[in-house]
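Below is one structure, written out as structure tokens; comments come after it.
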Amino acid sequence: MAALMLGQQARQFSTSVIRQKLVKAPITVYGVEGRYATALFSAASKQNILDQVEQELGKVSSLIKDPKVSSIVMNPHVKRSFKQKTFQDGLAKSNVSPITFNLINVLADNGRLTITADVITAYGKMMSAHRGEVSCIVTTAQPLDAASLADLKVALKGFLQKHESIKLETKLDSTILGGMIVSIGDKYVDMSTKTKILKLTKLIKET
């Protein structure tokens, strides 16, 4: 029943009636992938298996990365029915829930299997928001040592509400020379050496 409801929601999500029936996602993800992910979040929420579906989507993601599967699913010349069967055969071994299984069927029926990875990403964003996680990306020229990373996490907590937690991702970019660039939620702070040099150079040229 839940799987059938997901299929109906994903096919008719453009109508206001269906939107009213959906469980509201913690954040809005726009685009076609966002609408599929919202329908999936709603169906999983009603069945109280949000975390389970997230784990199952990890299996789907791994399946997509399989060269043999990818060469079929991403090929516009392959029939939808064959793409669908390829996915179904792969998922059958993973023993996923009817909700996750039906998502793939709906995507296949609508010729949208190529956006499966985008739907998974959108669902992941909703789950992060559901858990109160705030995405933070810190870019540095050199890897941060343990002490610096610990101090940084403490400082970043100052941006959070009581119910929120940091989902930290660190990146390396030697072109920034030093310092760091911090992106947390909708805030962006550029403290890189490169930017400081550019500002200084501009100031010198203007004097």
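For the reader, a short list of remarks on this structure follows.
- Hits in the stretch 132-152 - residues which are more than 23 Å from K194 (Cα to Cα), in contact with a strand residue (DSSP E or B) (Cβ under 8 Å, 6 or more places away or on another chain) and open to solvent by 60 Å² or more (accessible area, probe 1.4 Å): S135
- Here G111 clears all of (1) at pLDDT 85 or above; (2) under 20 Å from the mean Cα position of the chain (by Cα); (3) among the small types (G, A, S) except the condition numbered (2).
- If you go through the stretch 55-66 and keep only what is open to solvent by less than 80 Å² (accessible area, probe 1.4 Å), closer than 11 Å to S97 by Cβ and not aliphatic (A, V, I, L, M), you end up with just E56.
- Those strands (runs of 3 or more DSSP E) lying entirely in the stretch 88-203 with at least 2 residues free of Cβ contacts under 8 Å to residues at least 12 places away in the same chain: 187-192
- Residues within the stretch 145-180 that are within 25 Å of the chain's Cα centre (by Cα) and over 22 Å from S128 (Cα atoms), tallied: 3
- Flag if L160 is surrounded by 11 or more Cβ atoms within 10 Å (Cβ to Cβ), at pLDDT below 85, closer than 27 Å to F41 by Cβ and not basic (K, R): yes
- Residue match in the stretch 170-185 (condition: within 30 Å of L40 (Cα to Cα), modelled with pLDDT of 90 or more, open to solvent by 50 Å² or more (accessible area, probe 1.4 Å) and not basic (K, R)): yes
- Some residue of the stretch 18-32 being of a type in the set (K, R), open to solvent by 70 Å² or more (accessible area, probe 1.4 Å) and either at pLDDT 85 or above or in a helix (DSSP H, G or I) (or both): yes
The values are calculated or read from the model by the stated rules, or taken from the named source; none is laboratory data. All of these numbers come straight from a predicted model, not from anything done at the bench. FYI the Cβ positions are ideal-geometry reconstructions off the backbone, even for glycines, and counts take in every protein chain you see. The protein model used for the area step is the full one, side chains on, heavy atoms only, and it has no ligands, DNA or RNA in it. Shrake-Rupley method; radii C 1.70, N 1.55, O 1.52, S 1.80 Å.
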